Every structure is written in C-alpha cells, then in structure tokens.
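The values are calculated or read from the model by the stated rules, or taken from the named source; none is laboratory data. Quantities reported herein were computed from a predicted structural model and do not represent experimental measurements. Here Cβ is always computed from backbone atoms with ideal geometry, including for glycine, and neighbour counts include all displayed protein chains.
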Ligand SMILES: C[S@@+](CC[C@H](N)C(=O)[O-])C[C@H]1O[C@@H](n2cnc3c(N)ncnc32)[C@H](O)[C@@H]1O
C-alpha cells in the first residue's frame, strides 16, 4: 500500500529508492513534502452517520439528560468532516439554540480543507435521513449541480484544526470535552502508540464524559479510568460514576 501510494512521488523527484525519498522528506529543503506524504499515506474513508448506534446513544442517553452550559464534542481524526457534520446535525436537532460547539481535527491538511469547505458529492447523502437532508444540506445548482453544501449555521459552530494525535496535544486545546469521538484511527497504531494516544486524548475529557471508538476497535490491555457503558462506548470515571450509570 505504501509503495503504491508513494511511488508517484519517487517518479516526481526522479528518485530510485524509498531510502532516497525518506532522506528527502527529512531534509530542510523539502519540508513541504512531509505533509504531501502524510496526505498520501492516510486512509480517510468516512461517511455521514457511520456506525449509527453511536449517534442514537448520543441523542437518547447523553443529550437527553444533559443540563450543563456549553456542550463540547471533539471529533478527533474527523477526516473530510462527515462525522463532524453528523454530530452537528444531532446537536442542532436535540439542543437547538442552547450552546454547543464541535471541534474537528485530523493529521491530514488535505481532508481538513474539504471539512472546512463542507461541499460534498450528492451520493454522500446515502445514509442521511430525509428531514435532515432537507433542513441542513443545500443542493448545488448549475456549476455546483451534483454537489451539496452543509448549512452555514452548522459550519459556524465547528472549528477545525490539524492535530497529530501521536504528538503532545496543543496547549490551547479545550480540556473539558463532554464527548470525544475517536473512531477508526486506533486501528492504524501499534499497541504502545494506541495506549499513549488514548491516554492523551482522554485527559481532555471531563469526568463523567463519554469516549467513543469504532465497533471494530478495542481498548484491550489499555488501563484507563474508563468504564465500558456498551461495546465501543466508554465513560470517564468521576466521583459519581458507578456501575449503575450503565
Ligand atoms: C478512516 S478515517 C476515520 C474518519 C472518521 N473518524 C470515521 O470514523 O469515519 C481515519 C482518519 O485518521 C487520520 N489519522 C491517521 N493518523 C492520525 C494521527 N496520527 N493523528 C490524527 N489523525 C490521524 C487520517 O488522516 C484519517 O482521516
């Protein structure tokens, strides 16, 4: 996979080995090539309302009883933004005019550009409920036909930023998230990296907050102060978190 994704860059520079390419991306002269390499090697598959049970849980268990001031969600590894806007639609429908904010991050600058622009092909609407589509997706006409864009009211509530989860998190990052979605990215890390990423990320979750990974991932052999509420859904322990909160 790496060979096929990167070989065109070797051709571009007229290089004859991956070692030469490795040296090039670490040289000061070609600093921008490092990001191009990241954008090429990351797998960015995503879609609206992927793993719908997580969105149902958010609506029916987390938001239903929520009484705080501003509800904060982090979509870490958000790819092109479909996960982020799915969350935004759920929050808009459930919390309405109450205060809520979403933070989306990814290591790839290319996918973040799409997430910020929020213009998608019409066939991305496959899993979306008709009423949400009518309310939050603006169909393009003429040169934009075949595309839709997300409602500007939703876009205003979302901030995107490039973050590499393997490195220390930026100091300005909110440390009080109510919910963190970290789905379909842990699979790409070895056990030690996965452990450090999970620890780093849940340090920004408030006690009692929820941490959601993909159904195809697990936290085996990662000792955290999390309680499993359902498969793939965890709650950070707090003085009030008991087994009955399941
Ligand atoms: C398969 S997508 C998952 C998107 C979305 N969370 C979902 O479940 O549909 C994985 C994303 O993780 C990002 N990623 C990979 N390594 C990362 C890292 N070290 N830090 C932040 N994001 C990373 C990739 O760029 C990619 O967009």
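Residues in the stretch 171-182 that are touching a residue at least 24 places away in the same chain (Cβ under 8 Å) and under 18 Å from residue 161 (Cβ atoms): 173, 174, 175, 176, 177, 179, 180, 181, 182. Just to be sure, is residue 67 part of a strand (DSSP E or B), more than 18 Å from the chain's Cα centre (by Cα) and surrounded by fewer than 19 Cβ atoms within 10 Å (Cβ to Cβ)? No. Quick check on my filter: what residues within the stretch 75-96 are near the ligand (Cβ under 9 Å from one of its atoms) and either out of contact with any helix residue (DSSP H, G or I) (no Cβ under 8 Å at 6 or more places or on another chain) or assigned to a strand (DSSP E or B) (or both)? 75, 76, 77, 83, listed by residue number. Against the test of being farther than 30 Å from residue 167 by Cα, in the same structural domain as residue 80 (by TED's automatic domain parsing) and touching a strand residue (DSSP E or B) at 6+ places or on another chain (Cβ under 7 Å), the options 121, 132, 112 yield a single qualifying residue, 121.
Of all residues in the stretch 31-52, which are in a helix (DSSP H, G or I) and more than 22 Å from residue 154 (Cα to Cα)?
32, 33, 34, 35, 36, 37, 38, 39, 40, 41
Of the residues making up the stretch 3-18, those that are closer than 14 Å to residue 38 by Cα and either surrounded by 14 or more Cβ atoms within 10 Å (Cβ to Cβ) or in contact with a helix residue (DSSP H, G or I) (Cβ under 7 Å, 6 or more places away or on another chain) (or both) are 5, 6, 9. Do we have residue 154 as touching a helix residue (DSSP H, G or I) at 6+ places or on another chain (Cβ under 6 Å), more than 16 Å from residue 235 (Cβ to Cβ) and touching a residue at least 40 places away in the same chain (Cβ under 8 Å) here? It is true that residue 154 is touching a helix residue (DSSP H, G or I) at 6+ places or on another chain (Cβ under 6 Å), more than 16 Å from residue 235 (Cβ to Cβ) and touching a residue at least 40 places away in the same chain (Cβ under 8 Å). Counting only helices (runs of 4 or more DSSP H) that sit wholly inside the stretch 97-195, those with at least 2 residues that are surrounded by fewer than 19 Cβ atoms within 10 Å (Cβ to Cβ) and within 12 Å of the ligand (Cβ to nearest atom) are 109-117.
Among the numbered conditions (1) within 15 Å of the ligand (Cβ to nearest atom); (2) outside the structural domain of residue 23 (by TED's automatic domain parsing); (3) under 18 Å from residue 163 (Cα atoms), the only one that residue 72 does not meet is (1). Got at least one residue in the stretch 223-230 being assigned by TED's automatic domain parsing to the domain that holds residue 80, outside any strand (DSSP E or B) and within 11 Å of the ligand (Cβ to nearest atom)? No - not one qualifying residue is present in the stretch 223-230. Being under 12 Å from residue 179 (Cβ atoms), more than 16 Å from the ligand (Cβ to nearest atom), modelled with pLDDT of 95 or more and outside any strand (DSSP E or B) is a property that holds for residue 61. If you check residue 236 against the conditions, is it more than 12 Å from the ligand (Cβ to nearest atom) and modelled with pLDDT of 95 or more? When the stated conditions are applied, residue 236 passes them.
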